[in-house]
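Presented below is the structure to which this report refers.
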Amino acid sequence: MILEEEEDQEAKIKERVDEIIQVLSLRQDILKQFDDNLFNALVEKITILSPAHFVFTLKSGMSIDEIIEN
C-alpha cells in the first residue's frame, strides 16, 4: 500500500514536470520582460516568510528559497 502511494506521488510529480517542460518548450524567444502567463504556469504558490524572504513553490513540487539583500 505504501509502495502504491509512492508510485502515485512519483507519477503526479512526473506529470507536473512534463507540463512545465511543455510550457517552456513553447517559448521560442528569450524572456526580455516578466511574463505573467509563464509565471502562473510554473509557480503554484509563494510563501512570504518576511518582507525580504520568500519561498516559491513550483508546480513540480520543488521549492526555491529567495532572500533579498539590501
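The values are calculated or read from the model by the stated rules, or taken from the named source; none is laboratory data. What you see is a predicted model; the values in this text were computed from it and never measured. As a convention, Cβ positions derive from the backbone with ideal geometry for all residues, glycine included, and neighbour counts pool all protein chains shown. SASA here: full protein model, heavy atoms, side chains in, ligands and nucleic acids out. Shrake-Rupley method; radii C 1.70, N 1.55, O 1.52, S 1.80 Å.
Listing for the model above:
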{"read-out": "Residue list for the stretch 47-65, filter: part of a strand (DSSP E or B), open to solvent by 80 Å² or more (accessible area, probe 1.4 Å) and within 22 Å of ILE13 (Cβ to Cβ)", "value": "ASP65"}
{"read-out": "Of the criteria (1) modelled with pLDDT of 85 or more; (2) assigned to a loop (DSSP other than H, G, I, E, B), which one ARG27 fails", "value": "(1)"}
{"read-out": "Options ASN37, ASN70: the member that is loosely packed, with under 11 Cβ neighbours inside 10 Å and part of a helix (DSSP H, G or I)", "value": "ASN37"}
{"read-out": "Filter result for ARG27 (at negative phi, in contact (Cβ under 8 Å) with a residue 40 or more places away in the chain and not hydrophobic (A, V, I, L, M, F, W, C))", "value": "no"}
